[in-house]
Amino acid sequence: MTYLTQLRTFIEAYRLGSLTQASERLGITQPAVSSHIRTLEVQLKKKLFIRHARGIDPTAIAHDLARSIGSHIDNIEIAFSTVQARAANIAGTIHIAAPGEFLHARLAPVLAVLMAHDIKVRIHPGGKDKIYSLLDEGAIDLAITASKPHSRALGYKIIAQETFVLVAATNWVKHNLSRRSKPVLPADLLAQPLIAYDEDLPLIRQYFEQVFSIQIDAQPAAIVGDLRIVLAFILEEQGYSVLPEYLCKSQLKDGSLILLHQPINPPTNNLYLVWNRGNLRHPRVVFARECLLKEFDRS
């Protein structure tokens with residue numbers, strides 16, 4: 001006798017940490033979920049979960065079982081959904097979340113591929129907290145993030161690597177840094193206006209620590225929670241900042257922006273395509289995921 005259905009239920013409960021959420025995700029009753037888990041526990045002669053008011057905690061044997069079969073269950077779901085996608089009408093709606101600047105600069109050509117297959121696309125711009133909240137709620141099918149997910153319920157794959165560059169408007173540099181050293185040193189910038197993405201200066205701190213081996217201590221002249229607007233401030237000759245290269249590639253090419261420093265090993269960060277593992281049983285989601293992965297492989 002095989003236990004594929006029970007194992008699939010176990011994996012869903014394990015990843016979500018809840019029998020209730022597993023039943024909702026699988027479209028079955030909670031008693032059915034409990035029955036599937038009990039069947040496996042009888043066969044293994046071991047408890048898989050410790051139940052409590054807030055959900056379930058996996059036992060050691062549950063962790064071992066999940067590590068052993070999790071990827072195989074996912075691959076079966078993907079293979080079956082891929083065949084379904086070839087044979088069935090996959091038209092419908094896909095919800096995708098990503099940072100606004102990445103959507104603006106990189107995602108439009110990829111989404112055109114989905115729309116060509118009669119898939120309607122709903123875009124949810126947002127930062128890290130919003131994106132992971134939407135994933136946890138099951139409100140979106142796919143997401144692009146600059147952080148590696150930690151939830152067992154989420155699958156992911158690296159799709160790109162963003163490179164960070166220290167930039168300013170060319171005319172601004174001529175008027176404010178023309179007599180400074182080349183390449184620009186941190187001391188040259190201390191008295192100059194810094195345009196930042198947020199109070200913590202994440203991109204700027206990473207750049208200065210990796211490239212200059214210093215911790216920057218600066219009060220930004222402006223803080224803007226959208227890197228596209230940071231770019232606009234810089235183009236208006238209001239100061240300098242650190243940006244993802246993909247966001248300002250055309251401005252660097254046409255000369256309106258200039259690199260203030262060109263390190264041999266510039267700071268980089270991975271970008272991830274993320275999905276709820278349980279959604280891989282839906283042909284449209286699998287098709288959309290594969291389309292995005294292929295497009296980013298080509299880019």
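The values are calculated or read from the model by the stated rules, or taken from the named source; none is laboratory data. Everything numeric here is computed off the predicted structure, so don't read it as measured data. All Cβ positions, even for glycine, are placed from backbone atoms using ideal geometry, and neighbour counts span all protein chains on display.
For every residue, the table says whether it meets (1) over 14 Å from Leu273 (Cα atoms); (2) part of a strand (DSSP E or B); (3) out of contact with any Phe, Trp or Tyr (no Cβ under 8 Å at 6 or more places or on another chain).
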position: Arg106; (1), (2), (3): no, no, no
position: His124; (1), (2), (3): yes, yes, yes
position: Asp136; (1), (2), (3): yes, no, yes
position: Ala143; (1), (2), (3): no, yes, no
position: Gln161; (1), (2), (3): no, yes, yes
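Screening the stretch 235-272 for residues that are over 18 Å from Ala160 (Cα atoms) and of a type in the set (Val, Ile, Thr) and picking the one that is surrounded by the most Cβ atoms within 10 Å (Cβ to Cβ) gives Val242. Considering the stretch 245-276, and only residues there that are more than 30 Å from Pro149 (Cβ to Cβ) and part of a strand (DSSP E or B), the residue that is modelled with the highest pLDDT turns out to be Leu257.
Just one residue in the set Val110, Val173 is in contact with an Asp or Glu (Cβ under 7 Å, 6 or more places away or on another chain), crowded, with 18+ Cβ neighbours inside 10 Å and either of a type in the set (A, V, I, L, M, F, W, C) or within 19 Å of Gln238 (Cα to Cα) (or both); that residue is Val110.
If you go through the stretch 198-218 and keep only what is touching a residue at least 12 places away in the same chain (Cβ under 8 Å) and charged (D, E, K, R), you end up with Asp198, Glu199. Against the condition exposed (fewer than 12 other Cβ atoms within 10 Å of the Cβ), modelled with pLDDT of 85 or more and more than 21 Å from Val286 (Cβ to Cβ), how does Ser68 come out, does it pass? Spelling it out, Ser68 is indeed exposed (fewer than 12 other Cβ atoms within 10 Å of the Cβ), modelled with pLDDT of 85 or more and more than 21 Å from Val286 (Cβ to Cβ).
Among the residues of the stretch 1-46, those identified as assigned to a loop (DSSP other than H, G, I, E, B), surrounded by 13 or more Cβ atoms within 10 Å (Cβ to Cβ) and not polar (S, T, N, Q) are Tyr3, Gly17, Ile28, Lys46. The set of residues in the stretch 228-286 being without any contact (Cβ under 8 Å) to a residue 60 or more places away in the chain, β-branched (Val, Ile, Thr) and closer than 30 Å to Leu142 by Cβ consists of Ile229, Val230. Residues of the stretch 179-195 include at least one that is more than 22 Å from Pro125 (Cα to Cα), part of a loop (DSSP other than H, G, I, E, B), in contact with a helix residue (DSSP H, G or I) (Cβ under 7 Å, 6 or more places away or on another chain) and modelled with pLDDT of 90 or more. Looking at Lys120, Lys130, just one residue is in contact (Cβ under 8 Å) with a residue 24 or more places away in the chain and assigned to a strand (DSSP E or B), and that residue is Lys120.
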